[in-house]
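Here's the structure we're looking at; comments come further down.
The values are calculated or read from the model by the stated rules, or taken from the named source; none is laboratory data. Values in this document were obtained by computation on a predicted structure and should not be read as measured data. In this analysis, Cβ positions are derived from the backbone assuming ideal geometry, glycine residues included, and neighbour counts consider all displayed protein chains. These area figures cover heavy atoms from the full protein model, side chains too; ligands, DNA and RNA do not enter into them. Shrake-Rupley method; radii C 1.70, N 1.55, O 1.52, S 1.80 Å.
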Amino acid sequence: SSGINAEYGEKGKGVGRNRKVVEPLDFEKKKRTLGVTVHEEELAEADRLFHEFKLGDYVELIGGNDKGKHAKVLSLSLETSRCIVRLPSDEMIDVAIIGIKPGSREEYYKLRDSAAVVEDNVFAAPDVKKSAKKLKRYNPETNKDDRKILLHSDLKVRIVSKDFLSGKYYLKKVDIVDITDDSTCVCRTEKGKLLESVPQSILETVIPKKHGSLVMLLSKQNQFEIAELEEKDSKSGVVICLTLIEKDVITVKFEEVCQYVGDVIR
């Protein structure tokens with residue numbers, strides 16, 4: 001017994017030659033303030049802001065290279081927590097909803113006038129960031145893809161390639177979830193399956209049949225504006241739409257419009 005006590009120590013005394021008692025370390029559990037928690041807070045803030053803004057509102061950018069600039073809201077997406085806005089220079093950019101705050105219409109037009117925007121129907125191709133990229137439209141009738149359009153998330157499109165995934169989704173409609181780079185995007189099937197690395201070159205725009213359906217304009221003069229479908233003329237290949245912001249009635253070609261499936265607060 002005494003041998004064991006000498007080896008392992010006695011009650012109230014330490015172990016070893018010096019018999020020193022060392023107080024145990026008290027570890028304090030830190031609060032979780034990074035990672036998922038922050039992401040959830042950002043989503044909650046984006047949800048709040050989504051319901052605060054509507055199409056046509058004037059906002060101020062609070063971050064990035066365009067910080068301090070005033071812009072006009074063209075589209076809002078709750079699913080991606082992002083929005084498309086038009087700067088006074090007529091450039092359209094994709095920004096996070098949490099990156100905007102209420103702006104001034106007067107300031108927007110003051111900057112627009114000073115930018116000396118050319119408004120004689122001569123438009124330069126805009127530099128749309130991240131979620132909007134150029135792609136070639138596949139034409140099944142002529143087998144030519146030299147007509148370019150602009151697509152971004154929340155559009156319903158059709159896969160027109162028999163080679164993609166062995167033709168499993170040939171002529172199937174999918175929703176664009178995200179544009180990953182200049183040549184591929186992520187799509188969601190009608191059954192909810194996500195398809196990654198979908199080449200944009202195999203996608204074709206979809207035009208709804210129902211009057212009043214939401215569409216997004218892709219023409220250079222009205223890029224990324226949301227509108228309602230008024231009339232579809234299949235013989236002439238044109239669509240008549242009513243824009244939600246300015247209430248303008250415009251006529252565009254089939255390849256310049258696509259069904260919009262995102263959220264809209266009017």
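Here are some notes:
- In region 163-188, the residues that are farther than 16 Å from residue 205 by Cα reach residues that are polar (S, T, N, Q) and open to solvent by 70 Å² or more (accessible area, probe 1.4 Å) with C-beta atoms within less than 8 angstrom, at least six apart or across chains, in these pairs: 180/197.
- When we screen 175, 181 for residues that are open to solvent by 30 Å² or more (accessible area, probe 1.4 Å) and in contact with a strand residue (DSSP E or B) (Cβ under 8 Å, 6 or more places away or on another chain), the only hit is 181.
- Qualifying residues in region 201-221 (those that are open to solvent by 20 Å² or more (accessible area, probe 1.4 Å) and aliphatic (A, V, I, L, M)) - the one farthest from residue 258 (Cα to Cα): 202
- Scope region 246-266; condition more than 19 Å from residue 76 (Cα to Cα), open to solvent by 20 Å² or more (accessible area, probe 1.4 Å) and touching a residue at least 12 places away in the same chain (Cβ under 8 Å); matching residues: 249, 250, 251, 253, 254, 255, 256
- Of all residues in region 222-245, those satisfying the criterion of being open to solvent by 60 Å² or more (accessible area, probe 1.4 Å) and in contact with a helix residue (DSSP H, G or I) (Cβ under 9 Å, 6 or more places away or on another chain) are 232, 234.
- Qualifying residues in region 224-244 (those that are in contact with a Cys (Cβ under 7 Å, 6 or more places away or on another chain) and not charged (D, E, K, R)) - the one farthest from residue 206 (Cα to Cα): 227
- Selection from region 68-81 of residues that are in a strand (DSSP E or B), under 18 Å from residue 48 (Cβ atoms) and either of a type in the set (A, V, I, L, M, F, W, C) or in contact with a helix residue (DSSP H, G or I) (Cβ under 6 Å, 6 or more places away or on another chain) (or both): 73, 76
- Test: residue in region 118-134 that is part of a strand (DSSP E or B) and modelled with pLDDT of 85 or more: no
- Extreme residue, farthest from residue 152 (Cα to Cα), among residues of region 210-224 that are modelled with pLDDT under 90 and assigned to a loop (DSSP other than H, G, I, E, B): 219
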